[in-house]
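Working notes, beginning with the structure itself.
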(Lines give C-alpha, C1' and ligand atoms only; values in the text may rest on other atoms or scores of the structure.)
Protein backbone atom coordinates (compact mmCIF):
# COMPACT_ATOMS: atom_id res chain seq x y z
CA UNK A 1 0.00 0.00 0.00
CA UNK A 2 1.43 3.42 -0.93
CA UNK A 3 2.57 5.83 1.75
CA UNK A 4 1.49 9.50 1.91
CA UNK A 5 3.15 11.94 4.31
CA UNK A 6 2.66 15.63 5.13
CA UNK A 7 5.85 17.28 6.44
CA UNK A 8 6.50 20.80 7.71
CA UNK A 9 9.88 21.51 6.13
CA UNK A 10 11.84 23.92 8.31
CA UNK A 11 13.98 26.74 6.98
CA UNK A 12 17.47 25.61 5.83
CA UNK A 13 16.53 22.02 4.99
CA UNK A 14 17.06 20.51 1.53
CA UNK A 15 14.15 18.74 -0.20
CA UNK A 16 16.32 15.66 -0.69
CA UNK A 17 17.41 12.76 1.50
CA UNK A 18 21.15 13.26 0.94
CA UNK A 19 23.51 16.17 0.43
CA UNK A 20 27.21 16.08 -0.44
CA UNK A 21 27.73 19.41 1.32
CA UNK A 22 26.45 18.13 4.67
CA UNK A 23 23.39 20.38 4.87
CA UNK A 24 20.27 19.30 6.73
CA UNK A 25 18.02 17.04 4.61
CA UNK A 26 14.71 15.22 4.82
CA UNK A 27 16.51 12.19 6.26
CA UNK A 28 17.17 14.22 9.42
CA UNK A 29 13.40 14.29 10.04
CA UNK A 30 11.66 11.46 8.19
CA UNK A 31 12.70 7.86 8.95
CA UNK A 32 10.50 6.41 6.18
CA UNK A 33 12.23 4.72 3.26
CA UNK A 34 11.14 4.86 -0.37
CA UNK A 35 9.12 8.08 -0.30
CA UNK A 36 9.95 11.09 -2.43
CA UNK A 37 9.00 14.73 -2.26
CA UNK A 38 6.13 15.69 -4.59
CA UNK A 39 7.60 19.03 -5.56
CA UNK A 40 10.22 21.16 -3.93
CA UNK A 41 10.61 24.08 -1.59
CA UNK A 42 13.75 26.17 -1.75
CA UNK A 43 16.36 25.68 0.96
CA UNK A 44 15.39 29.09 2.38
CA UNK A 45 11.62 28.46 2.22
CA UNK A 46 9.53 26.47 4.65
CA UNK A 47 6.20 24.75 4.92
CA UNK A 48 4.21 21.85 3.56
CA UNK A 49 5.80 19.06 1.57
CA UNK A 50 3.96 15.94 0.53
CA UNK A 51 6.09 12.81 0.30
CA UNK A 52 4.89 9.61 -1.27
CA UNK A 53 5.92 6.43 -3.06
CA UNK A 54 2.82 6.78 -5.31
CA UNK A 55 4.57 7.63 -8.59
CA UNK A 56 1.43 8.62 -10.48
CA UNK A 57 0.40 11.09 -7.77
CA UNK A 58 3.93 12.44 -7.43
CA UNK A 59 4.09 13.10 -11.17
CA UNK A 60 0.71 14.84 -11.29
CA UNK A 61 1.44 17.01 -8.25
CA UNK A 62 4.61 18.30 -9.90
CA UNK A 63 3.44 18.64 -13.51
CA UNK A 64 1.90 22.11 -14.09
CA UNK A 65 -0.48 20.66 -16.71
CA UNK A 66 -2.58 19.29 -13.84
CA UNK A 67 -3.00 22.78 -12.31
CA UNK A 68 -2.64 21.61 -8.74
CA UNK A 69 -3.26 24.50 -6.32
CA UNK A 70 -0.53 25.48 -3.87
CA UNK A 71 -1.05 28.15 -1.20
CA UNK A 72 1.69 30.30 0.32
CA UNK A 73 1.97 32.89 3.05
CA UNK A 74 4.61 35.38 2.00
CA UNK A 75 6.16 38.13 4.11
CA UNK A 76 7.50 40.89 1.89
CA UNK A 77 9.48 44.00 2.60
CA UNK A 78 7.48 47.21 2.41
CA UNK A 79 3.88 48.34 2.72
CA UNK A 80 2.11 46.83 -0.28
CA UNK A 81 -0.22 48.96 -2.36
CA UNK A 82 -3.10 46.56 -3.22
CA UNK A 83 -3.31 47.93 -6.79
CA UNK A 84 0.32 46.93 -7.39
CA UNK A 85 -0.65 43.26 -7.02
CA UNK A 86 -2.70 43.22 -10.24
CA UNK A 87 0.19 41.98 -12.43
CA UNK A 88 0.32 38.78 -10.34
CA UNK A 89 -3.41 38.30 -10.94
CA UNK A 90 -2.97 38.81 -14.70
CA UNK A 91 0.28 36.86 -15.10
CA UNK A 92 3.70 38.48 -14.89
CA UNK A 93 6.52 38.20 -17.40
CA UNK A 94 9.49 36.66 -15.60
CA UNK A 95 12.71 35.91 -17.43
CA UNK A 96 11.00 36.43 -20.77
CA UNK A 97 8.12 34.04 -20.00
CA UNK A 98 4.61 34.87 -18.84
CA UNK A 99 3.70 32.88 -15.74
CA UNK A 100 0.15 31.81 -15.05
CA UNK A 101 -2.11 34.23 -13.21
CA UNK A 102 -2.24 33.64 -9.46
CA UNK A 103 -4.58 34.65 -6.68
CA UNK A 104 -3.05 37.18 -4.31
CA UNK A 105 -4.35 39.15 -1.34
CA UNK A 106 -2.97 41.09 1.60
CA UNK A 107 -3.57 39.30 4.91
CA UNK A 108 -3.08 40.07 8.58
CA UNK A 109 0.06 38.69 10.17
CA UNK A 110 -0.63 34.94 10.25
CA UNK A 111 -0.14 32.67 13.21
CA UNK A 112 2.75 30.72 11.72
CA UNK A 113 5.55 29.37 13.92
CA UNK A 114 8.52 31.71 14.45
CA UNK A 115 11.01 31.75 11.57
CA UNK A 116 14.07 29.55 11.70
CA UNK A 117 16.26 32.62 11.30
CA UNK A 118 16.13 36.36 12.02
CA UNK A 119 14.00 38.40 9.61
CA UNK A 120 15.11 41.93 8.73
CA UNK A 121 12.95 44.20 10.83
CA UNK A 122 14.22 47.67 9.96
CA UNK A 123 11.53 48.18 7.30
CA UNK A 124 7.77 47.65 7.55
CA UNK A 125 6.54 44.37 6.11
CA UNK A 126 3.32 43.02 4.61
CA UNK A 127 1.97 39.47 4.52
CA UNK A 128 0.41 38.12 1.32
CA UNK A 129 -1.50 34.94 0.56
CA UNK A 130 -0.63 33.66 -2.91
CA UNK A 131 -2.41 30.70 -4.50
CA UNK A 132 -0.98 29.37 -7.74
CA UNK A 133 -1.10 26.35 -10.02
CA UNK A 134 2.42 26.70 -11.31
CA UNK A 135 5.68 26.44 -9.45
CA UNK A 136 8.76 27.40 -11.39
CA UNK A 137 12.02 27.69 -9.47
CA UNK A 138 11.81 30.65 -7.04
CA UNK A 139 8.68 31.90 -8.84
CA UNK A 140 6.99 33.45 -5.80
CA UNK A 141 10.17 35.32 -4.86
CA UNK A 142 10.62 36.54 -8.43
CA UNK A 143 7.00 37.70 -8.66
CA UNK A 144 7.14 39.80 -5.50
CA UNK A 145 10.58 41.18 -6.39
CA UNK A 146 9.31 42.21 -9.84
CA UNK A 147 6.74 44.37 -8.07
CA UNK A 148 9.37 45.94 -5.81
CA UNK A 149 8.59 43.87 -2.71
CA UNK A 150 11.41 41.43 -1.87
CA UNK A 151 10.29 38.23 -0.15
CA UNK A 152 11.61 37.90 3.40
CA UNK A 153 9.79 34.71 4.37
CA UNK A 154 7.86 32.11 2.37
CA UNK A 155 5.70 29.42 3.97
CA UNK A 156 3.71 26.93 1.87
CA UNK A 157 0.57 26.27 3.90
CA UNK A 158 -1.45 24.02 1.56
CA UNK A 159 -1.28 21.74 -1.46
CA UNK A 160 -4.79 21.25 -2.72
CA UNK A 161 -6.88 20.57 0.36
CA UNK A 162 -3.97 19.20 2.41
CA UNK A 163 -2.81 21.83 4.90
CA UNK A 164 -0.10 22.16 7.52
CA UNK A 165 -2.79 22.05 10.20
CA UNK A 166 -1.13 21.72 13.61
CA UNK A 167 2.25 20.56 12.31
CA UNK A 168 5.25 22.47 13.59
CA UNK A 169 8.57 22.81 11.73
CA UNK A 170 10.24 19.39 11.53
CA UNK A 171 7.09 17.40 12.28
CA UNK A 172 5.38 14.97 9.92
CA UNK A 173 2.24 12.85 9.83
CA UNK A 174 0.56 10.33 7.55
CA UNK A 175 -2.24 11.75 5.44
CA UNK A 176 -5.76 10.63 6.33
CA UNK A 177 -7.66 8.39 3.92
CA UNK A 178 -9.94 11.33 3.08
CA UNK A 179 -6.95 13.58 2.29
CA UNK A 180 -5.46 10.92 0.03
CA UNK A 181 -8.72 10.47 -1.89
CA UNK A 182 -9.23 14.22 -2.33
CA UNK A 183 -5.61 14.76 -3.35
CA UNK A 184 -5.75 12.00 -5.94
CA UNK A 185 -9.10 13.20 -7.30
CA UNK A 186 -7.80 16.79 -7.53
CA UNK A 187 -5.24 15.67 -10.14
CA UNK A 188 -7.53 13.32 -12.05
CA UNK A 189 -6.63 10.03 -10.38
CA UNK A 190 -9.16 7.67 -8.86
CA UNK A 191 -9.62 7.69 -5.08
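The values are calculated or read from the model by the stated rules, or taken from the named source; none is laboratory data. Computed from a predicted model, the values in this text were never measured in an experiment. Every residue, glycine as well, gets a Cβ built from its backbone with ideal geometry; the counts of neighbours run over all protein chains shown.
Comparison of 72, 43 shows that the only residue that is modelled with pLDDT of 95 or more and surrounded by 13 or more Cβ atoms within 10 Å (Cβ to Cβ) is 72.
The residues on offer are 153, 182, and the sole one that is in the same structural domain as residue 12 (by TED's automatic domain parsing) and either in a strand (DSSP E or B) or more than 18 Å from the chain's Cα centre (by Cα) (or both) is 182. In the set (1) within 15 Å of the chain's Cα centre (by Cα); (2) buried (at least 16 other Cβ atoms within 10 Å of the Cβ); (3) not in a strand (DSSP E or B), the condition left unmet by residue 30 is number (1).
Put simply, of 27, 45 the only residue that is in the same structural domain as residue 171 (by TED's automatic domain parsing) and in contact with a helix residue (DSSP H, G or I) (Cβ under 9 Å, 6 or more places away or on another chain) is 45. Of the residues making up segment 87-96, those that are without any contact (Cβ under 8 Å) to a residue 24 or more places away in the chain and loosely packed, with under 12 Cβ neighbours inside 10 Å are 90, 93, 96. Among the residues of segment 24-40, those identified as at pLDDT below 95 and within 22 Å of residue 140 (Cβ to Cβ) are 37, 38, 39, 40. Please go through segment 41-60 and give me each residue that is within 12 Å of the chain's Cα centre (by Cα) and over 16 Å from residue 172 (Cα atoms), ordered by number. Residues satisfying the conditions are 42, 43, 44, 45. Assessment of segment 113-125 against the conditions (at pLDDT 90 or above, farther than 15 Å from residue 155 by Cβ, assigned by TED's automatic domain parsing to the domain that holds residue 154 and part of a loop (DSSP other than H, G, I, E, B)) yields at least one matching residue. Within 16 Å of the chain's Cα centre (by Cα), assigned to a loop (DSSP other than H, G, I, E, B) and more than 17 Å from residue 188 (Cβ to Cβ), is that true of residue 6? Considered against the rule, which asks whether it is within 16 Å of the chain's Cα centre (by Cα), assigned to a loop (DSSP other than H, G, I, E, B) and more than 17 Å from residue 188 (Cβ to Cβ), residue 6 comes out as no. Does residue 91 count as in the same structural domain as residue 8 (by TED's automatic domain parsing) and out of contact with any helix residue (DSSP H, G or I) (no Cβ under 8 Å at 6 or more places or on another chain)? No: the conditions fail for residue 91.
The residues of segment 63-86 that are outside any strand (DSSP E or B), in contact (Cβ under 8 Å) with a residue 40 or more places away in the chain and in contact with a strand residue (DSSP E or B) (Cβ under 9 Å, 6 or more places away or on another chain), listed by number, are 68, 69, 78, 79, 80, 85.
How many residues does segment 4-29 hold that are free of Cβ contacts under 8 Å to residues at least 60 places away in the same chain and closer than 22 Å to residue 180 by Cα? Within segment 4-29, residues that are free of Cβ contacts under 8 Å to residues at least 60 places away in the same chain and closer than 22 Å to residue 180 by Cα number 2.
Of all residues in segment 126-147, those satisfying the criterion of being surrounded by fewer than 18 Cβ atoms within 10 Å (Cβ to Cβ), in contact (Cβ under 8 Å) with a residue 40 or more places away in the chain and closer than 17 Å to residue 81 by Cβ are 129, 146.
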